[in-house]
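Heads up, the thing below is written out as structure tokens.
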Amino acid sequence: MSVQIEELVKLLYREPVNLSISGAWGVGKTYLWKEVSQKLQSDNKKEVLYMSLYNISSIDDLYTKISLHSVTNKVENENFSKIKPFINSITEVFNGDKFKNTLKHVTSNFLKDQIICFDDIERATEDFDATDFLSFISHLKEDKSCSVVLILNEDQIKDSESFNLHREKCIDHEIYYRPTTEENIRKVFEESETEAAHVASFFKKVKVSNIRLFQRIRFLISQCKVDFSIENPLTFNDWTKGLLTLICLYVYLKYDSERQNKPNLEVLFSDDSDIEDDYLSEYIESVIFPNKLSKSKQ
């Protein structure tokens, strides 16, 4: 178990605390929390609850999802989206406000002395009030003796200015998760997969540690091994190195939404583009061999 996981576990075992784990998209924040959660549950000292805020539009919605979670022990995002209209219709039939207040009361009774992780706050609906949510987690800590963990992609939070203004009052510890490229490569690739070193070398140059990109690359490599009858472990030569670089570059350009100054790929690769090929070659070279390109211009 890593030092970071040990520190999080110790922190959550102490008195009730609110903490946030923030980082860029795809760096493995949820992956980290799953490892922490497994350790917490194996020790069996406190109940651990994980809730995604995907498609949540209000605190009432959140109470509903928590209540359903207590019954089914698992509510997937897709399932909640499907049953949400049905729940809303029930609240209308049974005098909505009274029904919701009853649901809140019932839910509040079992939300005691738990560790609760809220993920995907940036994926809640436009109507979701982040400041009301912060008040809610303060209530969980102060009145229910719960510890709350928020997993955040700060750049994507709606109404981030208001959220940041209030977060200082209710978040006790802020953890900025910045794993290295090598750390996340090891989470995706097996030790026997020799191509991992080449992938790591490429993404170190562009300063990327996105687990989702590495998972896409691993899948594409496995497909190429089948299509081109490449044996394991992969033998390195000019052809296989070129193939790996091409896969890395393709995934990097197509899927890395965090990258600054992303070129318009439809323009670059369209048949009627008036951009010359040497422009694209120069761009690709600047991504893979930035030092070589800068020296050639001196």
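Structure notes:
- Filter result for Thr194 (at pLDDT below 85 and of a type in the set (Val, Ile, Thr)): no
- Every pair of residues 6+ apart whose Cβ atoms lie under 8 Å, when the first sits in the stretch 1-18 and is surrounded by 14 or more Cβ atoms within 10 Å (Cβ to Cβ) while the second is modelled with pLDDT of 85 or more and basic (Lys, Arg): Ile5/Lys39; Val9/Lys39; Pro16/Lys141; Val17/Lys141; Asn18/Lys141
- Ile230 being over 30 Å from Leu12 (Cβ atoms) and outside the structural domain of Ser22 (by TED's automatic domain parsing): yes
- Cβ pairs under 8 Å, 6+ apart, first in the stretch 167-183 and over 17 Å from Val149 (Cβ atoms), second loosely packed, with under 14 Cβ neighbours inside 10 Å: Thr181/Lys207
- All positions within the stretch 184-223 that are within 14 Å of Leu243 (Cα to Cα) and touching a residue at least 60 places away in the same chain (Cβ under 8 Å): Phe202
- Residue satisfying all of: in the stretch 120-133; assigned to a loop (DSSP other than H, G, I, E, B) and of a type in the set (A, V, I, L, M, F, W, C); surrounded by the fewest Cβ atoms within 10 Å (Cβ to Cβ) among these: Phe128
The values are calculated or read from the model by the stated rules, or taken from the named source; none is laboratory data. Bear in mind the structure is a predicted one, so any value in this text is a computation, not a measurement. Reconstructed Cβ throughout: ideal geometry from the backbone, glycine too, with neighbour counts over all protein chains shown.
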